[in-house]
Amino acid sequence: MNKDVDDTPAVSGVPDPGTRRRLYVKTHGCQMNEYDSARMADVLAESHGYVRVDSPEEADLLLLNTCSIREKAQEKVFHQLGRWKALKRANPQLRIGVGGCVASQEGDALRQRAPQVDLVFGPQTLHRLPAMIDAQDARAQQPQAERLSVVDVTFPEIEKFDHLPEPRADGASAFVSVMEGCSKYCSFCVVPYTRGEEVSRPVDSVIDEVRSLAGQGVREVNLLGQNVNAYRGAIDDDTADLAELIYYVADVPGVDRIRFTTSHPMEFGESLVRAYAEVRELATHLHLPVQSGSDAVLARMKRGHTADDYRRLIDRIRVARPGIALSSDFIVGFPGETEADFRATLELVKDINFDLSFSFVYSARPGTPAAALEDPVPEAEKKAWLAELQAQLRRQSDVYAEAMVGTVQRVLVTGPAKKDDACFAARTENNRVVNVPLPADASSRPDGFVDVRITEALPNSLRGVLCV
Ligand code: SAH
Ligand code: F3S
């Protein structure tokens, strides 16, 4: 989005620019939270003319979109709220809202621990923010009235998507949430409790959003869901699975690359494997979390498959799409994990030869079944395992990056380079950032997809030159 352009929709009742309300949103956690934060800004722009600002000091409404997937993420919330408390002391009119998974889990308890918070809403009630703000405005009109705090962390099914304004594109790549929640109940994970069970958006609603984004210049769509390949969206009197949805999305004019995050091996049916053979727009990259290479640990995690099931699935996907880049999530130090279990994970990592991946030390989450398991593994051992796993993953991804040097890649231009004004940034199909010098004669940076020859592999990015 061009930040110089005033793109706030013209809505009656919106105050003039001098008195416009200013919103600051801070996002913790996953891509779904990023998507939700953008929707919060959209609804509040439409309802009250809120404009988004870049620093909390400038704002009169601060929203924190939280994550509770691991203990560290949760702690960050209270640190952040502590910092905002000082701003509120300086400006008592300042309103603070907390959304996302910590809000969902804590509800009213959050306000008791952090009384500076005025609004608590969950991932599925963010569309009700305007009504919450109205209720507070009405209360503020009454003389002597106490400040009104609002808490709404219910799961009103898929109602949210019916109440959101048309999304505004921000660049050539966009997230589109296609389902909410998760019904897998992996024994370590809070998501089913904080985001509720799986609910899919109807196909038409997703396609309308994709069309609108493509009309605004979006070329890459990332279909999002906590368990996205469990998607079963209504279409006519039937339902479509994720593979079918992908065919529809690929048909939208302008959409040239499709990704989806995050999928589960047990939901990876034949139709989705076939899509890799048939849908050119589907990126040659797949993030498919496996968590562990040990069958005993996978069983205690309630993942529903073995390490060999995963290997066989990857074999089929590789037949459908040769050369596909694979990434994964891993948890080390699950309760009762042994040295042999950990070695089995390393074995799987080498066998599959994963590219860039994420790995974490297990973090006990209150209310999940795994939190009740005995956990005799010392923290120091878990940390040593994590370091060993990460070193192996790093070696593998470095080899992939080195092998790209000298090749020509079709990359999607994403914006200016972060650290170098003379470069633009783009993303490769296997999800790497590549920084490319602007050609000397170019008056502006290129748009959409361009061909780039990779010249150098750096630790966290690539460099390349534009092919002419
Ligand atoms: N489907 C989700 C995955 C859940 S969260 C998604 O779309 O991202 C992302 C990753 O966090 C998981 O794959 C898992 O590796 C990790 N994770 C989840 N719960 C965890 C816990 N209790 N401790 C450590 N890591 C965890
Ligand atoms: Fe969590 Fe397992 Fe669902 S990791 S999001 S319960 S697939």
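With contacts taken as Cα pairs under 8 Å and at least 6 residues apart, the chain reaches a relative contact order of 9 percent. So, in the chain, how many Lys pairs have Cα atoms under 23 Å apart, if the pair is 8 or more places apart or on different chains? The result is 22. Entry note, the stretch 101-176: relative contact order of 33 percent, from Cα contacts under 8 Å with a spacing of 6+ residues. Phi-derived couplings, Karplus 6.51 cos²θ - 1.76 cosθ + 1.60 at θ = phi - 60°, listed residue by residue for the stretch 95-109: 10, 10, x, 10, x, x, 6, 5, 4, 5, 6, 8, x, 5, 4 Hz, with x used for Gly and Pro.
Sequentially through the stretch 234-251, phi angles give Karplus couplings (6.51, -1.76, 1.60; θ = phi - 60°) of 5, 8, 6, 9, 10, 10, 10, 8, 4, 4, 5, 4, 4, 4, 5, 5, 5, 7 Hz, Gly and Pro residues having no value and appearing as x. Which three semi-axes in whole Å describe the equivalent ellipsoid of the stretch 57-199, each the square root of 5 times a Cα gyration tensor eigenvalue, listed largest first? The three semi-axes for the stretch 57-199 are 27, 19, 16 Å. Computed extension length for residue 109-residue 306: 67.0 nm, one decimal, from 0.36 nm per residue of separation with the Cα-Cα distance subtracted. Counting only protein heavy atoms and a probe of 1.4 Å, the accessible surface of the stretch 269-318 is 49% carbon and sulfur.
Remark: accessible surface ordering of 220, 71 (largest first) is 71, 220, probe radius 1.4 Å.
Left without a cysteine partner by the 4.7 Å Cβ rule in the chain: 30, 67, 101, 182, 423, 467. Across the stretch 78-132, the relative contact order, built from alpha-carbon pairs under 8 Å that are at least six residues apart, equals 35 percent. Expressed as a whole percent, the accessible surface of the stretch 68-135 that belongs to carbon and sulfur atoms is 49, based on a 1.4 Å probe.
The peptide list 247-258, 309-320, put in order of mean Cβ contacts within 10 Å with the highest first, becomes 247-258, 309-320. Cα-based values for the stretch 208-249, radius of gyration first and Dmax second, are 11.4, 32 Å.
Taking 0.36 nm per residue of separation and subtracting the current Cα-Cα distance, fully stretching the chain between residue 418 and residue 460 would add 13.9 nm. Phi angles of the stretch 275-291 translate, via the Karplus equation with coefficients 6.51, -1.76, 1.60 and θ = phi - 60°, into HN-Hα couplings of 4, 5, 7, 10, 9, 4, 6, 5, 4, 7, 7, 9, 9, 10, x, 10, 6 Hz per residue; Gly and Pro are given as x.
With protein chains left intact and a 1.4 Å probe, residues in the chain average 45 Å² of accessible area per residue. Annotation for residue 399 and residue 237: the two label points, set 7 Å from Cα along the Cα-Cβ direction, are 5.5 nm apart. Gap in Å between the Cα centre of the stretch 37-113 and the Cα centre of the stretch 123-184? Value for the Cα centre distance between the two parts: 13 Å. Mean projection of the Cα convex hull over all viewing directions, computed for the chain: 24.1 nm². Please work out whether the stretch 159-252 counts as rounded, prolate or oblate from its C-alpha gyration tensor, where a ≥ b ≥ c are the square roots of the eigenvalues and a/c under 1.5 means rounded, while otherwise a/b larger than b/c means prolate and anything else oblate? Prolate, since a/c reaches 1.5 and a/b exceeds b/c. Here the accessible area is traced with a 1.4 Å probe on the protein chains. For the stretch 158-256, carbon and sulfur cover 44 percent of it.
With all protein chains in place and ligands, DNA and RNA left out, the 1.4 Å accessible area ranks 193, 24 as 193, 24, largest first. Taken along its three principal axes, the alpha carbon spread of the stretch 324-431 comes to 54, 30, 23 Å, from the longest extent down to the shortest. The order of the peptides 461-468, 78-85 by mean Cβ neighbours within 10 Å, most packed first, is 461-468, 78-85. The helix-only estimate of mean residue ellipticity at 222 nm for the chain, built from DSSP H runs of length n ≥ 4 each weighted as -39500 (n - 2.57), is -11000 deg cm²/dmol after division by the residue total.
The values are calculated or read from the model by the stated rules, or taken from the named source; none is laboratory data. Small disclaimer: the values here were computed from a predicted structure and weren't measured. Because the Cβ atoms are built from the backbone with ideal geometry, glycine has one as well, and the counts that use them run over all protein chains shown. The area values use the complete protein model at the heavy-atom level, side chains included, leaving out ligands, DNA and RNA. Shrake-Rupley method; radii C 1.70, N 1.55, O 1.52, S 1.80 Å.
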